[in-house]
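Novice: Got a structure for you, questions after.
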Amino acid sequence: MKLQVAMDLLTVEDALVLAGQVAEYVDIIELGTPLIKAAGLSAVTAVKNAHPDKIVFADLKTMDAGELEADIAFKAGADLVSILGVADDSTIAGAVKAAKAHNKGVVVDLIGVADKATRAKEARALGAKFVEMHAGLDEQAKPGYDLSGLLRAGEEARVPFSVAGGVSLSTIEAVQRAGADVAVAGGSIYGAADPALAAKQLRAAIS
């Protein structure tokens, strides 16, 4: 199982600092949607230039103009881009077309999708590299939230998937047991007093 850090920061400078701290322990460096909106795709280029050996994920959450937006991100240095699972099939297919042209990949983000397992299969058939079983920060803040629903959807879908939404030292074993290909850790890394140590501990917990 790969480890992905989600950098929900707001400046390129902060992103470069965090990436530098955790790069040796993670496989995928994700530039969160707020970071890309605040700093632009130049942030993707900066992180890719600093860490050319890492998979760089631009979390665009594209809803329309899939081919165009994916193409822009790939040209900026992204290896993966996210398209929303609630988008039209043609939007996902367009992004996949751009990915094939650049030899890169599309991740379909299932945030807000009620039947994640069914949509995951559809997204994979459309050419997604993997799907993301994702509960957003707002959903995670609701009373009683836990990520077991995401894990069940991943197990049911039987396609390559990542899990994002509460991955931490206490849950990463369950994420791996569910068969996830990628564990996405955000706040448990960037919100830690020592992000490097947090990433190192998560890496060590992956068997």
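Novice: Right, VAL96: of a type in the set (Val, Ile, Thr), farther than 22 Å from ALA73 by Cβ, more than 13 Å from the chain's Cα centre (by Cα) and surrounded by 17 or more Cβ atoms within 10 Å (Cβ to Cβ) or not?
Specialist: Spelling it out, it is not the case that VAL96 is of a type in the set (Val, Ile, Thr), farther than 22 Å from ALA73 by Cβ, more than 13 Å from the chain's Cα centre (by Cα) and surrounded by 17 or more Cβ atoms within 10 Å (Cβ to Cβ).
Yes or no, residue by residue, for (1) surrounded by fewer than 17 Cβ atoms within 10 Å (Cβ to Cβ); (2) not charged (D, E, K, R):
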| site | (1), (2) |
| --- | --- |
| VAL159 | no, yes |
| VAL167 | no, yes |
| GLU173 | yes, no |
| ALA196 | yes, yes |
| LEU202 | no, yes |
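Novice: Still on this structure: What are the residue pairs meeting all of these: first residue in segment 183-196, first residue closer than 19 Å to MET1 by Cα and without any contact (Cβ under 8 Å) to a residue 24 or more places away in the chain, second residue crowded, with 21+ Cβ neighbours inside 10 Å and of a type in the set (Gly, Ala, Ser), Cβ atoms under 8 Å, and 6 or more apart or on different chains?
Specialist: Filtered contacts from segment 183-196: SER188/ALA198.
Novice: Need pairs with beta-carbon distance below 7 Å; first residue closer than 15 Å to VAL131 by Cα and among the charged types (D, E, K, R) and within segment 1-12, second in a strand (DSSP E or B) and at pLDDT 95 or above; sequence gap 6+ or separate chains.
Specialist: Note: pairs meeting the criteria are LYS2/ILE28; LYS2/VAL182.
Novice: A further question on this structure: Please identify the pairs in which a residue from segment 149-161 that is in contact (Cβ under 8 Å) with a residue 12 or more places away in the chain has its Cβ atom under 7 Å from the Cβ atom of a residue that is surrounded by fewer than 22 Cβ atoms within 10 Å (Cβ to Cβ) and in a helix (DSSP H, G or I), counting only partners at least 6 apart or on another chain.
Specialist: LEU151/ALA174; ALA153/ALA117; GLU156/ALA117; ALA157/ALA117; ALA157/LYS121; VAL159/LYS121; VAL159/ARG124
Novice: Can you spot a residue in segment 37-45 that is in contact with a Leu (Cβ under 8 Å, 6 or more places away or on another chain), in contact (Cβ under 8 Å) with a residue 24 or more places away in the chain and closer than 23 Å to VAL159 by Cβ?
Specialist: So far as segment 37-45 goes, no, none of its residues is in contact with a Leu (Cβ under 8 Å, 6 or more places away or on another chain), in contact (Cβ under 8 Å) with a residue 24 or more places away in the chain and closer than 23 Å to VAL159 by Cβ.
Novice: While we're here: So which of GLY165, GLY112 is on the phi > 0 side of the Ramachandran plot, small (Gly, Ala, Ser) and touching a helix residue (DSSP H, G or I) at 6+ places or on another chain (Cβ under 6 Å)?
Specialist: GLY165
Novice: Starting from segment 62-74, keep only residues that are within 16 Å of LYS37 (Cα to Cα), then list their pairs with residues that are among the charged types (D, E, K, R) and not in a loop (DSSP other than H, G, I, E, B) whose Cβ atoms are within a distance under 7 Å, requiring at least 6 positions of separation or different chains.
Specialist: THR62/GLU69
Novice: Within segment 177-194, which residues are surrounded by fewer than 21 Cβ atoms within 10 Å (Cβ to Cβ) and in contact with a Ser or Thr (Cβ under 7 Å, 6 or more places away or on another chain)?
Specialist: If the condition is that a residue be surrounded by fewer than 21 Cβ atoms within 10 Å (Cβ to Cβ) and in contact with a Ser or Thr (Cβ under 7 Å, 6 or more places away or on another chain), then ASP181 is the only one that fits.
Novice: Just to be sure before I move on: is LYS116 farther than 21 Å from ASP181 by Cα, surrounded by 15 or more Cβ atoms within 10 Å (Cβ to Cβ) and at pLDDT 95 or above in the structure I sent?
Specialist: no
Novice: Here are the criteria: (1) surrounded by fewer than 18 Cβ atoms within 10 Å (Cβ to Cβ); (2) small (Gly, Ala, Ser); (3) touching a Lys or Arg at 6+ places or on another chain (Cβ under 9 Å). Tell me which single one ALA125 does not satisfy.
Specialist: Only one criterion in (1) surrounded by fewer than 18 Cβ atoms within 10 Å (Cβ to Cβ); (2) small (Gly, Ala, Ser); (3) touching a Lys or Arg at 6+ places or on another chain (Cβ under 9 Å) is unmet by ALA125, namely (3).
Novice: With respect to the numbered conditions (1) among the small types (Gly, Ala, Ser); (2) under 24 Å from GLY179 (Cα atoms); (3) in contact with a Phe, Trp or Tyr (Cβ under 9 Å, 6 or more places away or on another chain), which one is the sole condition not fulfilled by ALA78?
Specialist: Failing condition for ALA78: (2).
The values are calculated or read from the model by the stated rules, or taken from the named source; none is laboratory data. Being a predicted model, the structure only gives us computed values, none of them experimental. Neighbour counts are summed over all protein chains in view; Cβ atoms, including those assigned to glycine, are modelled from backbone coordinates with ideal geometry.
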